[in-house]
Amino acid sequence: MIEKPLVESQDLLNQPGALRQRLAEDGYIFMRGLLDRARLLGLRMEILEICQKHGWLLPGSKLEEGKGRADAYSGYFEFTPVYREMQYLENFHALAHDPQILKTLETALGGPVFPHARNIARITLPGSSKMTTPSHQDYVFIQGSPEVYTVWFPLSDCPVALGGLGLARGSHHAGIFPTKEAEGTGGLCADVDESKYEWHKGDFFLGDVIMFHSLTVHKAYDNTTADLLRLSCDFRYQPFSAPQVVWDSFRPHMQHHGWEN
């Protein structure tokens, strides 16, 4: 497997043609410092307060440190009630409509975009491997139009050791890969020969954002730290020129609550 650094694209924000070409060729664009750090830190603290309330943080640690228990939860039924509270956060959903995200996507896609409502917060425990997301394509889980783009960013600095993201450059050109059962979030992985692709990965800093096509194969890396939680966000968008969208994309993630909450 060939591994290379993520290609930075913030210098192309004023060159729409070049930005579209890079997204079309590579299947992703990576922007340093796109989002306001103070806004992200505010949301991070709200999520950590929920984690603290449910005993997920290390006793005696400071909230802002984000130090979590490796055994905070062991499965779906322990995770879901806490995650539901995170889904109630207005600032979490409002962030999906951040002007910088929308402007960048509209520049890269050449027109207005529709933000999906199924926003996802990720909480990865320290020393975690069982719940690490394996190689996959988002389209398999999203459905609707393949012309959907995921926006992913961490809520802190995120070196690879904390469990960053890696992408198989250009893999979206190969269409939809078969899937097979796998350990980790989602329970499925793409049946793909990873050695055939360049894998782009690297350290993220607070405010950095990566945007990628729903057919781009990507994966998370294990959180190998001793005591840090990895908090991140997944938001999804599609151009108005691709109108197919499934009902679940209009609903809150995991669907255990309605918008009235």
Residue check: is residue 255 polar (S, T, N, Q), assigned to a loop (DSSP other than H, G, I, E, B) and more than 16 Å from residue 6 (Cβ to Cβ)? yes
Residue hits (the range 162-185; more than 21 Å from residue 29 (Cβ to Cβ) and surrounded by 14 or more Cβ atoms within 10 Å (Cβ to Cβ)) are 162, 163, 177, 179, 182, 184, 185
In this structure, is residue 235 in contact with a Cys (Cβ under 8 Å, 6 or more places away or on another chain), crowded, with 23+ Cβ neighbours inside 10 Å and either among the acidic types (Asp, Glu) or at pLDDT 95 or above (or both)? no
Tally of residues being more than 15 Å from residue 134 (Cβ to Cβ) and of a type in the set (D, E, K, R) across the range 217-234: 3
Take the residues in the range 238-252 that are in a loop (DSSP other than H, G, I, E, B) and under 22 Å from residue 79 (Cβ atoms); name whichever of them is least open to solvent (accessible area, probe 1.4 Å). 252
Taking the range 72-83 only, how many residues are surrounded by fewer than 11 Cβ atoms within 10 Å (Cβ to Cβ) and assigned to a loop (DSSP other than H, G, I, E, B)? 1
Only one of 201, 196 is open to solvent by less than 70 Å² (accessible area, probe 1.4 Å) and among the basic types (Lys, Arg); which? 201
Looking at this structure, is residue 108 buried (at least 18 other Cβ atoms within 10 Å of the Cβ), hydrophobic (A, V, I, L, M, F, W, C), touching a Leu at 6+ places or on another chain (Cβ under 7 Å) and in a helix (DSSP H, G or I)? yes
Out of the range 14-37, which residues are open to solvent by less than 70 Å² (accessible area, probe 1.4 Å) and either modelled with pLDDT under 95 or outside any loop (DSSP other than H, G, I, E, B) (or both)? 16, 17, 18, 19, 22, 23, 24, 26, 28, 29, 30, 31
Output the residues belonging to the range 149-161 that are open to solvent by 10 Å² or more (accessible area, probe 1.4 Å) and farther than 27 Å from residue 245 by Cβ. 156, 157, 159, 160, 161
Filter pass, residue 216 being surrounded by 20 or more Cβ atoms within 10 Å (Cβ to Cβ), in contact (Cβ under 8 Å) with a residue 60 or more places away in the chain, touching a His at 6+ places or on another chain (Cβ under 7 Å) and assigned to a loop (DSSP other than H, G, I, E, B): yes
Being surrounded by 13 or more Cβ atoms within 10 Å (Cβ to Cβ) and assigned to a helix (DSSP H, G or I) is the filter here; which residues of the range 1-13 pass it? 10, 12
Taking strands (runs of 3 or more DSSP E) that fall entirely within the range 116-209, which contain at least 3 residues that are under 24 Å from residue 22 (Cβ atoms) and within 14 Å of the chain's Cα centre (by Cα)? 149-154, 165-168
Over 22 Å from residue 31 (Cβ atoms), open to solvent by less than 10 Å² (accessible area, probe 1.4 Å) and of a type outside the set (Lys, Arg), is that true of residue 223? yes
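The values are calculated or read from the model by the stated rules, or taken from the named source; none is laboratory data. What you are looking at is a predicted structure, and each value in this text was computed from that prediction instead of being measured. Every residue, glycine among them, receives a Cβ derived from its backbone with ideal geometry; neighbour counts consider all protein chains shown. Note: accessible area is taken over every heavy atom of the protein model, side chains too, but ligands, DNA and RNA are not part of it. Shrake-Rupley method; radii C 1.70, N 1.55, O 1.52, S 1.80 Å.
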